[in-house]
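Chemist: Sharing a structure with you now.
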Amino acid sequence: VFGFEKTYVDVSEADKETQEFEIKGKSVFNLNGGEELIKVNAKAKTVGAQSEIHPSTILASACYPYQTIFGNSVCIDPDIYGERKTQKVCTMGVLAFDAGQGAPVAVTEVEAGMTYVDENNVRSQFLIRVENKGNGEVTNPDASIIKKSCTSESLEPRNFNILKISVSLSGSSLKCDTDEIRLKEKKGIARCYSEINIPKNRDAYTAPLEIKLDYGYTFTIPQDIVIEKSLNK
């Protein structure tokens, strides 16, 4: 969506202020993402009689659905209390990811742990921290909400700073305390755990953890311009 100071800038119906297009997001195969050139023809109106120039601003707002995909190996150690003194292939703990995943919202930290089930079994659990590292706003991933965020209509506060999360370990879905994360001061947290029992006497091992975050995203870029009065007017 393009915003103009309509007292001084005119856009014809043929050059719509709202345009839809599709580009590819960033991925491991396309680190820079897609690119598209959008043209909007605008005409400057007359500057006031007492002025030679008039400063103005053009605004470009983007609203789109996006998905962050996080993948990493994590350590699973059924020996909760560290009773076995043998050499282990990995150590459980907190994994921090400062670089992000090339998306506006990133998984910044994963803390792996184990929970007691009974005298013979344990289960894995994870504390997942996410953060909006971009300059825009996170919105409800619902398509109608994303589209509405690029209009003059106001969104209810509950539709901002919310995203959906799904997590799997070794291909099996984990159960989270909520399937939606509410961001506060751009940060949020989720607790997820496996419903599969692991024998306490099993050795420590590594397993692939996948986290998917679905959300809408919107941001605005301003561009200052100067409208000058023509010399022949």
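The values are calculated or read from the model by the stated rules, or taken from the named source; none is laboratory data. What you see is a predicted model; the values in this text were computed from it and never measured. Counting neighbours? That spans all protein chains shown, and the Cβs are built from the backbone with ideal geometry, glycine included. Surface areas here come from the heavy atoms of the whole protein model, side chains and all, with no ligands, DNA or RNA. Shrake-Rupley method; radii C 1.70, N 1.55, O 1.52, S 1.80 Å.
Chemist: In this structure, is GLU119 among the charged types (D, E, K, R) and over 30 Å from THR218 (Cα atoms)?
Modeler: Yes.
Chemist: Please give the strands (runs of 3 or more DSSP E) falling wholly within the range 1-106 in which 3 or more residues are farther than 30 Å from PRO208 by Cα and out of contact with any Cys (no Cβ under 7 Å at 6 or more places or on another chain).
Modeler: By residue number, 9-11, 42-44, 53-76.
Chemist: Tell me, please, whether a residue that is more than 30 Å from GLN87 (Cβ to Cβ), open to solvent by 60 Å² or more (accessible area, probe 1.4 Å) and of a type outside the set (Gly, Ala, Ser) can be found in the range 199-206.
Modeler: Let us first name the residues in the range 199-206 that are more than 30 Å from GLN87 (Cβ to Cβ), namely none.
Checked against the condition, which is being more than 30 Å from GLN87 (Cβ to Cβ), open to solvent by 60 Å² or more (accessible area, probe 1.4 Å) and of a type outside the set (Gly, Ala, Ser), the range 199-206 yields no hits at all.
Chemist: Okay, next question. If I ask for residues that are open to solvent by 60 Å² or more (accessible area, probe 1.4 Å), among the β-branched types (Val, Ile, Thr) and under 34 Å from the mean Cα position of the chain (by Cα), which ones from the range 50-102 would you list?
Modeler: Listed by number, the residues that qualify are ILE69, ILE80, VAL89, THR91, VAL94.
Chemist: Can you confirm whether the range 207-229 contains a residue that is open to solvent by 80 Å² or more (accessible area, probe 1.4 Å), part of a loop (DSSP other than H, G, I, E, B) and not β-branched (Val, Ile, Thr)?
Modeler: Among the residues of the range 207-229, not one is open to solvent by 80 Å² or more (accessible area, probe 1.4 Å), part of a loop (DSSP other than H, G, I, E, B) and not β-branched (Val, Ile, Thr), which makes the answer no.
Chemist: For the range 107-129, give me each residue that is hydrophobic (A, V, I, L, M, F, W, C) and not in a strand (DSSP E or B).
Modeler: The answer is VAL117, and nothing else.
Chemist: Hey, does the range 150-169 have a residue that's open to solvent by 50 Å² or more (accessible area, probe 1.4 Å), within 24 Å of PHE4 (Cα to Cα) and touching a residue at least 12 places away in the same chain (Cβ under 8 Å)?
Modeler: Yes, the conditions are met somewhere in the range 150-169.
Chemist: Tally up the residues in the range 120-139 that are of a type in the set (S, T, N, Q) and open to solvent by less than 30 Å² (accessible area, probe 1.4 Å), please.
Modeler: Within the range 120-139, residues that are of a type in the set (S, T, N, Q) and open to solvent by less than 30 Å² (accessible area, probe 1.4 Å) number 3.
Chemist: Within the range 28-39, is there a residue that is surrounded by 10 or more Cβ atoms within 10 Å (Cβ to Cβ) and out of contact with any Lys or Arg (no Cβ under 9 Å at 6 or more places or on another chain)?
Modeler: Within the range 28-39, none of the residues are surrounded by 10 or more Cβ atoms within 10 Å (Cβ to Cβ) and out of contact with any Lys or Arg (no Cβ under 9 Å at 6 or more places or on another chain).
Chemist: Could you look through the range 187-196, keep only residues that are in contact (Cβ under 8 Å) with a residue 60 or more places away in the chain and open to solvent by less than 70 Å² (accessible area, probe 1.4 Å), and pick out the one that is farthest from ILE58 (Cα to Cα)?
Modeler: SER194
Chemist: Between residues in the range 136-147 that are of a type in the set (A, V, I, L, M) and residues that are not in a strand (DSSP E or B), which pairs lie under 8 Å by C-beta distance while being six or more apart or on different chains?
Modeler: These pairs meet every condition: VAL138/PRO104; VAL138/ASN161; VAL138/LEU183; ILE145/LEU155; ILE145/ASN159; ILE146/ASN140.
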